[in-house]
Every structure is written in C-alpha cells, then in structure tokens.
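Here, each number is a calculation from the coordinates, and none is a lab measurement. Predicted model only: the values in this text are computed from it and were never measured. Neighbour counts are summed over all protein chains in view; Cβ atoms, including those assigned to glycine, are modelled from backbone coordinates with ideal geometry.
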Amino acid sequence: MKNILYSQSLSRVHAVLEVDKKDTKEIYIYDNKSMNHTWRNNKKLKPHVRYQLDGGEKLKFGSLNAVFQINSTADDSNNSASNSTFLGSVKGK
C-alpha cells in the first residue's frame, strides 16, 4: 500500500506505515525524521520509533490531519479475514 499526499508541510518521505506480516498483522507507523513532525492522537512521534496503530486514531502529518481506519472483510472461500487500511478524512490547514 502506498499513499501519496502533497503539501508544503510534508517531507519527501514524511512517515512510514508498516504491516507486521508475521502472525499478528499489526500495523505500525514511524516518523521518518520529518521537519514538521508526525503526530498520533495529539502526541508527537519520536523519529524512527515504531508505534502500533489501531483503527480510529487521529494522525497528523505536518499540517495534514487524518484518521486511520481498518476495514475487515471475511473471505468465504477459505474463512480467513482480509484487512485493508486507509487514511480517511485527510484535511490540510
């Protein structure tokens, strides 16, 4: 998954979202030492420190605000769950 957002307040590679592809499928975010910082629920992230994300968390990339959402759907063919993630409600100042 690759989301590209454009804003003067964003660094070229501002932050990174990662999926732990092992057993847990947990999703993490880290700030890539951006000039205008990355925030999760109004707390500034330390650069290069991974933070686990849950659905509904408020994220801020520079001056852009977003809400992290997780959608799960059941796959009837093999009874496994399929997850998709996206940033909803992206708004700039």
- Work out how much length K22 to I70 would gain on full extension: take 0.36 nm times their residue separation and subtract the Cα-Cα distance, in nm to one decimal. 15.5 nm
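Rank-order 55-61, 41-47 by packing density, defined as the average count of other C-beta atoms within 10 Å over each peptide's residues, highest first.
Details: 55-61: 17.3, 41-47: 12.1.
Top of the packing list down: 55-61, 41-47.
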